[in-house]
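Scroll down for the structure; my scribbles are underneath it.
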Amino acid sequence: MGTSAGRNIAYHVGLRACAATAAADLEPLVIRGLILHHPFFGRSRRTESEVRLFNNSIPPVNVADLLWELALPVGADRDHEYCNPTSVDRSEEWERMRAKGWRAVVAGSGGNPLIDQ
């Protein structure tokens, strides 16, 4: 489970934990799914909610842009896989999660500029 940037961490750790060798390494822990609360995703192209809520106080879009600039590898944009989970084909990982019976809950609110992400 994770909220905001912690949600991104939970997502990427979940992808790795679902790998066949990683699952064996985690025994006796059994993961059944992911709870992703207010994901802090981004991408280079602005979404409708980012445009509509550009000056929202939590977080203002320009602050989110700065956070990504500081967090991503030098030279990367917001279409990097850490920021934009759709920038890389993850169909094999998602299929593996589905095959293991994992469930995912993604929750957000309409007042968050990143809700459309």
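Restricting region 1-108 to chymotrypsin sites (Phe, Trp or Tyr not before Pro) that sit in a DSSP loop and have at most 12 other Cβ atoms within 10 Å of their own Cβ leaves PHE54.
Taken over region 42-84, the convex hull of the Cα atoms encloses 63 Å³ per residue.
Hand me the trypsin sites (Lys or Arg not before Pro) from region 11-117 located in a DSSP loop with no more than 10 other Cβ atoms within 10 Å, in residue order please. Sites meeting the loop and neighbour criteria: ARG32, ARG45. Full extension of the segment from SER57 to HIS37, taken as 0.36 nm per residue of separation minus the current Cα-Cα distance, would add 5.4 nm.
Extension gain, ALA24 to ARG46, is 3.9 nm, computed as 0.36 nm per intervening residue step minus the present C-alpha separation. Approximating the spin labels as points 7 Å out from Cα along Cα→Cβ, the MET1-to-ASP65 distance works out to 3.5 nm. Between TRP102 and ALA76, full extension at 0.36 nm per residue minus the direct alpha carbon distance yields a gain of 6.3 nm.
No value in this document is a laboratory result; all are computed from the given coordinates. As the structure is a computational prediction, the values presented were derived from the model and not from experiment. Every residue, glycine as well, gets a Cβ built from its backbone with ideal geometry; the counts of neighbours run over all protein chains shown.
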